[in-house]
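The values are calculated or read from the model by the stated rules, or taken from the named source; none is laboratory data. On a predicted model such as this, the values are computed, not experimentally measured, just so you know. Cβ coordinates were reconstructed from backbone atoms using ideal geometry, including for glycine residues, and neighbour counts include every protein chain displayed.
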Amino acid sequence: MKRIEDKIAIGCLWLSSLLVLFFLLVLLSYITIKGLPVLSPRFLFSFPHGVEARGGISPMIVATFYLTILSGIIVSPIAIGGAVYLTQYAKPGRVVRIIRFGADALSSVPSIVFGLFGLALFVSFFGYSMIAGGLTLSLMILPVAMRASEDAILAVPRSFREASFGLGATQWQTIKNVIIPVALPRILTGLILGIGRAFGETAAVFLTAGMALNLPLLPTDPGRTMTVHLYLLATEGISIDIAFGTALLLMIFILSFNFLARFLGARSVKGGS
Amino acid sequence: MSDEAFEVKDLDFWYDDFKALEDLNFEIKARAITAFIGPSGCGKSTLLRCLNRLNDLVPDAKVKGAIKLFGKNIHDADVDLPTLRRRVAMIFQQPNPFPFSIYDNVAYGPRIHGMKRKSELDDIVESSLEKAALWREVKDKLNDSGLELSGGQQQRLCIARALAVKPEVLLMDEPCSAIDPISTQKIEDLIYELKKKLTIVMVTHNMQQAARISSWTAFLLAEDESGSAKLIEYGKTNDIFTKPKDKRTENYITGRFG
């Protein structure tokens, strides 16, 4: 009796894990089949034109990377700095708990709320722009990026810290010369995963960076990211084909980020430097 | 230079509410090897970490009494901690080289203390590895990661890294417990050689090791319910091992407990 129960249970578990893989494959192949015909060098490198937005999506690709890189540049030092403070300097206690709680709360705020906040604060200052979008996205991914950096720093063995202090290093020398270099591969993995969220973000972006079709060059230029483009093409019924092409390209980029993050993470296991 | 490296007076030590060390009084001779022996958890390592104030890293640790290093109390307000720890360097139980190259491991200390010239660093890396009896084995692969060495080599690398800051005292917390017998032999020879110029204080679990290489031995024991460690007996290693004055010392070294 027991045996049969076991087998049924294991079968159900096996089935649910298989379903996950199945849906992933269905999703990926559907998008690939629908999107692949659109993909071409012209799609990557030229501007959209006409009422059906034929042509390419190069300004959107540029806007997407622009925003992602900009928010990465803004968020990285703050995330690493905050993580170093929380793990190395702050006395465990009330203040640290409040900061952690704040960070967790911040990460559960819906992205459209960040968008609204960015609209009220940054857009009124800079107008719809890369910088307004970048600042908004930075706020959005800061908690995740900081948490990841904290975990990376806490994973540095205590014995390295002791060795460094035992040789007469100060706290800051230990952080700068041992803790951050040793934690760096894992910090980068965390940051890339956090920034990956910015890459796929839609709601917070169209309220702050706008939907203009131009190629953004200056930080004060507005721009339309790939996700926003996809959203508009689909909701306005402009071109479902191009929407799928955009979706496929997005997936390719995001999967590459994940592979890059994994690659860096795997390197850190062997011990960096 | 006085004959005593350390003078410990009325030393009490607490982790939070737990009194780990109680009323310790003794002196450690300069340019000699002193061994701390005693059962596990009796506060030997804690005492060792008091000597370079590494316990300051532990939140809620508290210390009372005086520890003088060559006549100067290390708890005085004008003592600079980095300088103290440079003078009193530490070797840990588990070899803990940084995941950097062999060269960068040894150069770490001199660099943080401000040495920048490549030629000076090269010299000190070579002479430190030489003193740690590792130079011949690694001179052709100074850029390899320190983690690629064997356990015994890693421990000698850690010794070289400590010697590079030119310490006066070397604290060793069971330096051989995590490595094989042949490497242990090499490290014991090395420690014996080093005592000509340095004061060495080592914690060991290994009675034979204490008897073989130390000149002075301190026996610590936490026996009553409080769990606080006291110094039971302290003297020349030879006396402690051949004619201990205290029954508890005799019981411990003859292997009746611990």
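Observations, loosely collected:
- Only one entry in A:242, A:187 is part of a helix (DSSP H, G or I), in contact with a strand residue (DSSP E or B) (Cβ under 8 Å, 6 or more places away or on another chain) and assigned by TED's automatic domain parsing to the domain that holds residue A:78, namely A:242.
- Residues satisfying the stated conditions in region B:125-144, i.e. crowded, with 18+ Cβ neighbours inside 10 Å and assigned to a helix (DSSP H, G or I): B:125, B:128, B:129, B:131, B:138
- In region A:217-239, residue modelled with the lowest pLDDT [restricted to those that are part of a loop (DSSP other than H, G, I, E, B) and aliphatic (A, V, I, L, M)]: A:238
- Leading residue by the ranking (nearest to the other protein chains (Cβ to nearest Cβ)) among those in region B:103-122 that are among the aliphatic types (A, V, I, L, M) and over 19 Å from residue B:175 (Cβ atoms): B:112
- Answer from A:144, A:96 - the residue that is assigned to a helix (DSSP H, G or I), of a type in the set (Val, Ile, Thr), in contact with a Ser or Thr (Cβ under 7 Å, 6 or more places away or on another chain) and within 30 Å of residue B:98 (Cβ to Cβ): A:144
- In region B:110-150, residue farthest from the chain's Cα centre (by Cα) [restricted to those that are over 23 Å from residue B:86 (Cα atoms) and of a type in the set (S, T, N, Q)]: B:143
- Residue tally, condition free of Cβ contacts under 8 Å to residues at least 60 places away in the same chain and either within 11 Å of another protein chain (Cβ to nearest Cβ) or aliphatic (A, V, I, L, M) (or both), over region B:152-162: 1
- Qualifying residue in region A:135-158 (condition: polar (S, T, N, Q) and within 11 Å of chain B (Cβ to nearest Cβ)): no
- Any hit, region A:193-212, residues being within 22 Å of residue A:85 (Cβ to Cβ) and surrounded by fewer than 23 Cβ atoms within 10 Å (Cβ to Cβ): yes
- Residue check for residue A:169: more than 22 Å from the chain's Cα centre (by Cα), within 14 Å of chain B (Cβ to nearest Cβ), assigned to a helix (DSSP H, G or I) and crowded, with 24+ Cβ neighbours inside 10 Å: no
- Single residue of region B:166-196 satisfying the filter (of a type in the set (A, V, I, L, M, F, W, C) and in a loop (DSSP other than H, G, I, E, B)) that is surrounded by the fewest Cβ atoms within 10 Å (Cβ to Cβ): B:178
- For region B:197-258, the strands (runs of 3 or more DSSP E) that sit wholly inside it and include 2 or more residues that are over 22 Å from residue B:15 (Cα atoms) and free of Cβ contacts under 8 Å to residues at least 24 places away in the same chain are B:230-236.
- Condition broken by residue B:104, with the remaining ones in (1) assigned to a loop (DSSP other than H, G, I, E, B); (2) within 29 Å of residue A:174 (Cα to Cα); (3) among the charged types (D, E, K, R) satisfied: (1)
- Among the residues of this structure, residue B:149 does not count as one that is buried (at least 17 other Cβ atoms within 10 Å of the Cβ), more than 14 Å from chain A (Cβ to nearest Cβ) and of a type outside the set (S, T, N, Q).
- The lone criterion from (1) away from chain A (no Cβ under 14 Å); (2) surrounded by fewer than 23 Cβ atoms within 10 Å (Cβ to Cβ); (3) assigned to a helix (DSSP H, G or I) left unmet by residue B:62 is number (3).
- The selection criterion, being out of contact with any His (no Cβ under 9 Å at 6 or more places or on another chain) and surrounded by 14 or more Cβ atoms within 10 Å (Cβ to Cβ), holds for residue A:74.
- Of the residues in region B:72-79, at least one is part of a strand (DSSP E or B), more than 9 Å from every other protein chain (Cβ to nearest Cβ) and under 30 Å from residue B:223 (Cα atoms).
- Subset of region B:87-102 (residues that are within 15 Å of residue B:155 (Cα to Cα), more than 7 Å from every other protein chain (Cβ to nearest Cβ) and in contact with a Leu (Cβ under 7 Å, 6 or more places away or on another chain)): B:91, B:97, B:101, B:102
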